[in-house]
Amino acid sequence: MDARQLEYFLAIVEHGGFSKAAAALHVAQPSLSQAMANLEADLGVALFHRVGRGVVLSEAGAELLEPSRRVLRDLTAVRDTAAALAGLHGGTVEVATMPSPGIEPLSTLVHHFAELHPSVTVSTQAAFTPDEVISLVRSGACELGLLGSAAPVHPSGLDVLHVEDQPFVVVAAPGGAIEDAVTIRPEDLAGQKLIASRSGSLMRDIVDDITAGGTGTEIVTVVDHRTSILPLVLTGVGVAVLPSSWTRLARRCGAVVAPIEPTARRHVAMVSLPAHLTPAARAFLALTRSLARRRAHDA
């Protein structure tokens, strides 16, 4: 077994088949097929089931995914360390992130990380629930994961760094009844039309509690993509309840942002495997730890 075989194996999984993987790797498909046949012979198990013109992972192939990713990442770390003992001069940090933490604190983290390590690329992968983030990190698809949850998470086998707690705020178009930076209570939203995400999120739970209060507040629009919410607010469709991570962006776009009390708080955390981190990922995690200390001090 060699690293090239593992690279080919992961490419087939990630690109969904031999032909696409061969094209992405710039190798002939027969060479790729032979490499996989040799790997399966060495291991004594089939890694793929051939279905028509496609392939699906076998149970053994699924078990090999995480170790393969770790081996290749460790080899990359060795190369990075050997080439840049005095600092980081290349490489990529892979971070899984949910939408709201992906605005803040991710923006601050990437901004400072780029200043410290300008030649390192930060690559983010979208996830929409804490479980998705945890799964991406645990499988080795991403080294780090940034998530927000209603309560602190304690996933087995992963390290958890609490970054900050984010209260929820009301975001509205300017010129209405809601004033910027003036704290409001849920009953102050009486008669307002609300823009909401689909059921299952803490954000939607808060909206449902507000509409259940009998104040005449109603949901006018339900969206899947959080990026749609702010444009809808600014066009006057309605107001939205969002984590405070949206505050700076919302104000820059001309919206008003009002704290709401009482409110739940989103727990933002960075999760990682306790080992197998590349130097770039360790540097990003160290920066996150420093930011968490500063925000705890300022709270």
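Readers should treat all values here as calculations from the given coordinates under stated rules, not as data from a laboratory. Since this is a predicted model, take the numbers as computed values, not measurements. Note that we place each Cβ from the backbone using ideal geometry, even for glycine, and neighbour counts take in every protein chain shown.
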**Q.** Ala275-Asp159 pseudo-label distance in nm [points 7 Å out on the Cα-to-Cβ vector]
**A.** 1.3 nm
Q.
At 0.36 nm per residue, and after removing the present C-alpha to C-alpha distance, how many nm does the segment from Thr124 to Ala212 gain when stretched out fully?
A. 28.0 nm
Q: Taking amide H positions as placed in the peptide plane 1.01 Å from N, state which residues far from Val163 in sequence (5 or more) or on other chains have amide H under 5 Å from it.
A: Val268, Ala269, Met270
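Can you give me the Rg/Rh ratio for the chain, using Cα atoms for both radii and the Kirkwood formula for Rh? It would help to have the intermediate numbers written out before the result.
Numbers: Rg = 23.0 Å, Rh = 21.7 Å.
Using Cα coordinates only, the ratio equals 1.06.
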Q) Taking a spot 7 Å from the Cα of Arg50 along the direction of its beta carbon, which residues of segment 1-17 have an amide N less than 15 Å from it? A) 17
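What is the gain in length, in nm to one decimal, between Ser58 and Ala23 on full extension, counting 0.36 nm per residue of separation less the C-alpha to C-alpha distance? Mind dumping the intermediate values first?
Values: separation 35, 0.36 × 35 = 12.60 nm, distance 2.28 nm.
Here the answer is 10.3 nm.
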Q.
Please give me the summed charge of the neighbours of Arg204: other residues whose Cβ is under 12 Å from its Cβ, Lys and Arg +1, Asp and Glu -1.
A. -2
(Q) Given points 7 Å out from each Cα along the Cα-Cβ axis, report the Arg282 to Arg198 separation in nanometres with one decimal. (A) 4.1 nm
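Run the helix sum for the chain: -39,500 (n - 2.57) per DSSP H stretch of 4+ residues, divided by residue count, reported at 222 nm to the nearest 500 deg cm²/dmol. It would help to have the intermediate numbers written out before the result.
Working: 10 runs with 123 residues, N = 299.
After summing the helix terms and dividing by residue count, I get -13000 deg cm²/dmol.
Could you tell me the calculated FRET efficiency between Glu115 and Gln34, based on Cβ-Cβ distance and R0 = 45 angstrom, to the nearest 0.05?
Working: r = 46 Å, r/R0 = 1.03.
Calculated value: 0.45.
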Q.
Quick query: amide H of Ile260 versus all other amide H atoms, modeled in the peptide plane; which residues come in under 5 Å with a sequence gap of 5 or more or a different chain?
A. Val170, Ile184
Q: Any chance you could run the full-extension gain for Asp2 through Ala181? It's 0.36 nm times the residue separation minus the Cα-Cα distance, nm to one decimal.
A: 58.6 nm
